[in-house]
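Asker: This is the structure I have questions about; it appears just below.
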């Protein structure tokens, strides 16, 4: 059964999210601090992780960075009372896939969770079918992406991307030179147009550019097409 895990020290929130997750038909486990959570994550191998930023021992950003450094690609959603865009930027840079600010509507959490897990299932199914239209590599200039492998390199050096950053880049690389609209990106990467704030795309694009471009303010690879969307260069 699909399993959702929460790391949060608020017992009332543990109960609420547990009810939402089980109501939607998923298994649920939770931990009250970072150290317990890291041990549980390794033991339980969840399909989705909800992570509070403010924990009693280590903060959620550090946990997220550790999880990504270990090569774990489980989708991660930050859950926090802090809504400042600076905090969101730190969260996405740490490797998060989504960000939900407390207090939140239970239906919003449910819809986002379902969208993430649906996208995860579609990605697994696509992999099982041989990654149709997602085989081989995209290569231009010093940038190389291996489809389906979460492997991106610049001048031969591997670039650390979150699962969502890679999937956004992989989508654009599936048809270099063609423009993908924000709605197309939301549908493919987030699972539906309603599943995330469109402004999240801007944040993710900026983070990707910081990792693959020599000068992120003058991108050569990931190009903005104003009022339309984004594309990856098919030549330099």
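Asker: Using only the alpha-carbon atoms, how far is helix 199-212 inclined from the longest principal axis of the chain? Give it as 0 to 90 degrees, nearest 10.
Answerer: For helix 199-212, the angle is close to 60 degrees.
Asker: Defining a contact as two alpha carbons under 8 Å apart and six or more residues distant in sequence, what relative contact order in percent does the chain show?
Answerer: 14
Asker: Give me 224, 80 sorted ascending by neighbouring Cβ count inside 10 Å, so fewest comes first.
Answerer: 224, 80
Asker: May I pose another question? With the chain treated as a Gaussian network of Cα nodes joined by springs under 10 Å, which of 96, 81, 31 yields the largest mean-square fluctuation?
Answerer: 81
Asker: In degrees between 0 and 90, to the nearest 10, how far off the longest principal axis of the chain does helix 106-128 point, with axes built from Cα atoms?
Answerer: Here the helix axis deviates by roughly 50 degrees.
Asker: Express as a percent, rounded to the nearest 5, the fraction of DSSP beta bridges in the chain (both residues included) that run antiparallel.
Answerer: Around 50 percent of the beta bridges assigned by DSSP in the chain are antiparallel ones.
Asker: Something else now. Mind telling me which of 185, 201, 90 comes out most flexible in a GNM of the chain, alpha-carbon contacts under 10 Å?
Answerer: 90
Asker: Could you tell me how many degrees, from 0 to 90 and to the nearest 10, lie between the Cα long axis of helix 85-94 and the main elongation axis, the longest principal axis, of the Cα atoms of the chain?
Answerer: The answer is roughly 80 degrees.
The numbers here are math on the coordinates, done by the rules we state, and not lab data. The structure presented is a predicted model; accordingly, all values stated were derived computationally and were not measured. With ideal geometry, Cβ positions are generated from the backbone for all residues, glycine too; neighbour counts draw on all protein chains shown.
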